[in-house]
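**Student:** Take a look at the following structure, please.
The values are calculated or read from the model by the stated rules, or taken from the named source; none is laboratory data. The shown structure was predicted, so the numbers you read here are calculated from the model rather than taken from an experiment. Cβ: placed from backbone, ideal geometry, glycine included. Neighbour counts: every protein chain shown. Remember, those area values only see protein heavy atoms, side chains included, never the ligands or the DNA or RNA. Shrake-Rupley method; radii C 1.70, N 1.55, O 1.52, S 1.80 Å.
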Amino acid sequence: ITLAPYHAKHGKRLEPKLISKMDLIVANSDYFADFSKQFNKHSYMIGQGCDLSRYNDADGKLEIPEDLKVIKKKPIIGYVGNLTTIRLDIEVLAHIAKSRPEWSLVLIGHEDKDFKNSELHRIPNVTFLGRKDPKEIPGYIKGFDVALNPQIVNPITDFNNPLKIYEYLAMGKPVVATKTTFMAYFKDYVNLPSTKEEYIVAIENALVENLEEDVKRKIEFAGTHTWEIFVNKIYCHIADIIKERNNQ
């Protein structure tokens with residue numbers, strides 16, 4: 001967060017002071033845990049939690065929203081999340097749409113000024129559906145043939161642990177996401193291109209991988225990242241700190 005200009009002014013000075021005052025620091029990536037350990041020995045990587053109950057479509061009854069259903073051109077390659085150039089690569093998205101005009105590229109989320117003014121709005125097979133209520137998101141993901149996370153690689157994204165990847169996988173979706181340092185964690189479940197050209201190949205591969213066994217494997221992996229598991233890790237670290245203090 002302190003790498004963003006708004007937070008950098010005071011955050012870079014105050015964050016270490018705040019970390020040093022805490023009894024326990026938990027982080028969702030090794031990078032942040034290692035950073036915090038410089039100022040607090042009780043800093044741990046515990047991963048990312050996900051509300052899997054919301055993304056459970058085991059009975060197949062989850063409805064695909066109408067504004068996605070009406071898109072006739074298939075396959076649908078989709079992204080859900082904040083549409084901001086701090087995190088996403090417009091050039092990659094434009095290349096996907098232009099290279100495969102027979103596909104539909106669907107983008108869901110609030111747009112920043114750069115996205116609103118981008119060439120994406122002038123490409124015929126790109127559809128912006130706007131910001132949606134979080135409760136609706138699983139239905140949109142269900143309607144995707146491939147789910148994207150086209151991050152631009154920078155210090156903010158390189159060590160980011162994206163919640164949306166767990167949400168995509170919880171629904172058993174084929175996922176294509178930019179290769180970053182942290183995304184190597186998902187290498188057995190996600191296609192990880194490094195360039196816009198590799199994105200096309202990765203999506204084409206993803207379109208043919210969605211066998212029943214692939215779907216099951218992804219859902220099972222996402223199931224190891226529930227909020228219950230996440231919170232229990234915090235409790236374990238709290239217990240260790242209490243034990244350490246009692247033994248002093």
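**Student:** Output the number of residues of segment 181-226 satisfying the condition of being in a helix (DSSP H, G or I), touching a strand residue (DSSP E or B) at 6+ places or on another chain (Cβ under 7 Å) and under 27 Å from I156 (Cα atoms).
**Tutor:** 7
**Student:** For segment 181-210, give me each residue that is in contact with a His (Cβ under 8 Å, 6 or more places away or on another chain), open to solvent by less than 70 Å² (accessible area, probe 1.4 Å) and not aliphatic (A, V, I, L, M).
**Tutor:** Passing the criteria: K196, Y199.
**Student:** Being at pLDDT below 95, open to solvent by less than 60 Å² (accessible area, probe 1.4 Å) and in contact with a Leu (Cβ under 6 Å, 6 or more places away or on another chain) is true for just one of I108, I156. Which residue is that?
**Tutor:** I156
**Student:** Show the residue pairs that are 6+ apart or on different chains and have beta-carbon atoms under 9 Å apart, the first residue being within segment 195-206 and under 12 Å from T178 (Cβ atoms), the second being of a type in the set (D, E) and open to solvent by 60 Å² or more (accessible area, probe 1.4 Å).
**Tutor:** Final answer for the pair search is K196/E91.
**Student:** Still on this structure: Find the helices (runs of 4 or more DSSP H) located wholly in segment 1-78 whose residues include 2 or more that are open to solvent by less than 60 Å² (accessible area, probe 1.4 Å) and touching a strand residue (DSSP E or B) at 6+ places or on another chain (Cβ under 9 Å), and list them.
**Tutor:** 30-37, 66-69
**Student:** Among residues belonging to segment 5-42 that are among the small types (G, A, S) and over 22 Å from A184 (Cα atoms), point out the one that is farthest from the chain's Cα centre (by Cα).
**Tutor:** Residue satisfying both the conditions and the ranking: S20.
**Student:** For segment 59-72, check the following and say yes or no: at least one residue is without any contact (Cβ under 8 Å) to a residue 40 or more places away in the chain, over 17 Å from D145 (Cα atoms) and under 22 Å from the mean Cα position of the chain (by Cα).
**Tutor:** no
**Student:** Sticking with this structure for a sec: Can you pull out the strands (runs of 3 or more DSSP E) entirely within segment 85-180 that have at least 1 residues that are closer than 30 Å to T224 by Cβ and in contact (Cβ under 8 Å) with a residue 24 or more places away in the chain?
**Tutor:** The qualifying strands (runs of 3 or more DSSP E) are 104-108, 146-149, 175-177.
**Student:** While we're on this one: Of the residues in segment 211-227, how many are open to solvent by 60 Å² or more (accessible area, probe 1.4 Å) and in contact (Cβ under 8 Å) with a residue 40 or more places away in the chain?
**Tutor:** So the answer is 3.
**Student:** A further question on this structure: For segment 178-198, which residues satisfy the criterion of being touching a helix residue (DSSP H, G or I) at 6+ places or on another chain (Cβ under 6 Å) and over 14 Å from A222 (Cβ atoms)?
**Tutor:** Matches in segment 178-198: N191, L192, P193, K196.
**Student:** Can you find even one residue in segment 164-180 that is surrounded by fewer than 18 Cβ atoms within 10 Å (Cβ to Cβ) and either at pLDDT below 95 or acidic (D, E) (or both)?
**Tutor:** no
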